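Please read the structure below before turning to the comments.
The values are calculated or read from the model by the stated rules, or taken from the named source; none is laboratory data. Just so it is clear, the structure is predicted and the values come from calculations on it, not from any experiment. Heads up, the Cβs are rebuilt from the backbone with ideal geometry, glycines too, and the neighbour counts pull from every protein chain shown.
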Amino acid sequence: MQQLLLLRHAKSSWDDIGQSDHARPLNARGRHAAAQMRTVIRELGLVPDVVLVSSARRTRQTLDALAPWDETPIIEPMDGLYLAEAARIREVVRGVSATVRSLMLVGHNPGLHDFAVGLAGPSDGSQMFQRMSEGFPAGALAEFLVPHGWGELGEGGGRLVRFVCPRDLTEAAG
């Protein structure tokens with residue numbers, strides 16, 4: 001059984017309208033949310049072997065906020081994940097070595113959301129799935145178990161274990 005962690009980049013800045021989308025950084029709220037997610041990931045004992053991250057600045061900054069790791073994963077920035085659609089994300093994940101036990105992918109909506117909903121499949125009627133299907137907000141993390149390996153990954157090929165959003169953490173603290 002393999003583990004797939006899908007993390008959407010944290011909230012990004014739109015302050016510099018002349019800046020390209022690819023170069024947009026995280027804003028203060030995004031940096032705070034990413035730090036909160038670092039704490040959650042540590043508390044849950046989530047330790048990816050490999051991290052595939054979109055080459056966009058905001059995704060790389062989100063990933064940077066998760067460091068330092070207890071066990072440093074192999075990190076691979078990928079231009080092909082920048083604003084990737086669900087089919088492209090599935091293709092990338094299917095290409096991951098079967099020896100990778102835990103994979104984290106840091107990317108963008110709407111592709112990440114569409115991929116996550118498809119991965120859980122229509123048979124997952126859980127409340128957690130319903131919540132995830134309504135949206136995959138900035139900084140959110142979905143954890144899946146993948147029973148049949150990366151190469152066979154398709155619709156309904158994962159079991160949603162948890163879905164955590166930064167706002168959940170803020171509400172719990174407040």
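In the list 123, 133, 97, which residue meets the criterion of being surrounded by 12 or more Cβ atoms within 10 Å (Cβ to Cβ), among the hydroxyl-bearing types (Ser, Thr, Tyr) and over 19 Å from residue 40 (Cα atoms)?
When all the criteria are applied, what remains is 133.
Exactly one of (1) surrounded by 14 or more Cβ atoms within 10 Å (Cβ to Cβ); (2) closer than 26 Å to residue 27 by Cβ; (3) touching a residue at least 24 places away in the same chain (Cβ under 8 Å) is unmet by residue 168. Its number?
Every listed condition holds for residue 168 apart from (3).
Name the residue that is nearest to residue 12 (Cα to Cα), counting only residues in region 36-55 that are in a helix (DSSP H, G or I) and out of contact with any Ser or Thr (no Cβ under 9 Å at 6 or more places or on another chain).
My answer is 38.
Filter region 1-35 for residues that are outside any strand (DSSP E or B) and basic (Lys, Arg); which is nearest to residue 136 (Cα to Cα)?
11
Keeping to region 40-71, report how many residues are in contact (Cβ under 8 Å) with a residue 60 or more places away in the chain and either closer than 23 Å to residue 23 by Cα or among the β-branched types (Val, Ile, Thr) (or both).
In the first step, residues of region 40-71 are kept if they are in contact (Cβ under 8 Å) with a residue 60 or more places away in the chain; the result is 40-41, 44, 46, 62.
Narrowing further to those that are either closer than 23 Å to residue 23 by Cα or among the β-branched types (Val, Ile, Thr) (or both): 40-41, 62.
Qualifying residue count for the region: 3.
Of 57, 24, 42, 29, which residue is among the basic types (Lys, Arg) and within 23 Å of residue 101 (Cα to Cα)?
One residue alone meets the criteria, 42.
So for region 25-38 (the condition being surrounded by fewer than 17 Cβ atoms within 10 Å (Cβ to Cβ), touching a helix residue (DSSP H, G or I) at 6+ places or on another chain (Cβ under 7 Å), at pLDDT below 95 and not charged (D, E, K, R)), does at least one residue qualify?
Yes, region 25-38 has at least one match.
Cβ-Cβ under 7 Å, sequence separation 6+ or interchain: first residue in region 80-97 and closer than 16 Å to residue 21 by Cα, partner among the aliphatic types (A, V, I, L, M) and at pLDDT below 95. Which pairs?
none
Given the structure, is residue 116 buried (at least 20 other Cβ atoms within 10 Å of the Cβ), closer than 19 Å to residue 149 by Cβ and either modelled with pLDDT of 95 or more or in contact with a strand residue (DSSP E or B) (Cβ under 7 Å, 6 or more places away or on another chain) (or both)?
Yes: the conditions hold for residue 116.
On the basis of being out of contact with any Phe, Trp or Tyr (no Cβ under 7 Å at 6 or more places or on another chain), closer than 23 Å to residue 39 by Cα and either among the polar types (S, T, N, Q) or in contact (Cβ under 8 Å) with a residue 24 or more places away in the chain (or both), does residue 155 make the cut?
Taking the combined requirement at face value, the residue does not satisfy it.
Over 21 Å from residue 83 (Cβ atoms), surrounded by 13 or more Cβ atoms within 10 Å (Cβ to Cβ) and either at pLDDT 95 or above or not small (Gly, Ala, Ser) (or both), is that true of residue 106?
Details: over 21 Å from residue 83 (Cβ atoms): no; surrounded by 13 or more Cβ atoms within 10 Å (Cβ to Cβ): yes; either at pLDDT 95 or above or not small (Gly, Ala, Ser) (or both): yes.
Here the answer is no, as residue 106 does not meet what is asked.
Would you call residue 57 modelled with pLDDT of 95 or more and under 24 Å from residue 121 (Cβ atoms)? Quick ask: steps written out before the conclusion?
Numbers: modelled with pLDDT of 95 or more: yes; under 24 Å from residue 121 (Cβ atoms): no.
So residue 57 fails the test.
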